[in-house]
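Worksheet: one structure, shown below.
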Amino acid sequence: MVNRQNLPWLVRKITIPMGPLGLTSFEFLMDTICPWDQWLHRYDLCAATGRRMVLTVEHDGRIVALVLLDIAKKARRELAGRTVALQLSGPQEANISSAIKQRLTAT
C-alpha cells in the first residue's frame, strides 16, 4: 500500500500548477498542505461530533510553528528584514506562542 510517507521519489517530484500561486511539487502538497488541511479541519470534526477540541503545545504548537516557518521562508524577500508581529489567541495562547518562538529561533 502506498501512502504519503512512501511515495516513489519520481512521483514526489512531479510539479503541479496551483493557479496564481505558481507551481509546487507533489511532495510539498502531500507532506505539507494535506496535513495542514487535516489539522485545520479538526475544529469542524469536533463541532460535528460534539467533542471539545484539545490543543497541545507538543502537537499544535509544532504545526503552527512549521506553518509560520514556511510562510517566513516564502516571504523573506518581500519582508526585506522587517519584523512581523503575530498575536495568537485561544486557550493555549501563551504556551503555543512560546513553542513557536523557540522553534523559529532554533532554525
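Of the residues Q38, Q5, the single one that is modelled with pLDDT under 80, in a helix (DSSP H, G or I) and surrounded by fewer than 13 Cβ atoms within 10 Å (Cβ to Cβ) is Q5. One residue alone among E27, E58 is in the same structural domain as K73 (by TED's automatic domain parsing), of a type outside the set (V, I, T) and within 15 Å of the chain's Cα centre (by Cα), and that residue is E58.
The values are calculated or read from the model by the stated rules, or taken from the named source; none is laboratory data. Because the structure is predicted, anything quoted here is derived from the model rather than measured. Note that each Cβ is placed from the backbone with ideal geometry, even for glycine, and that neighbours are counted across all protein chains shown.
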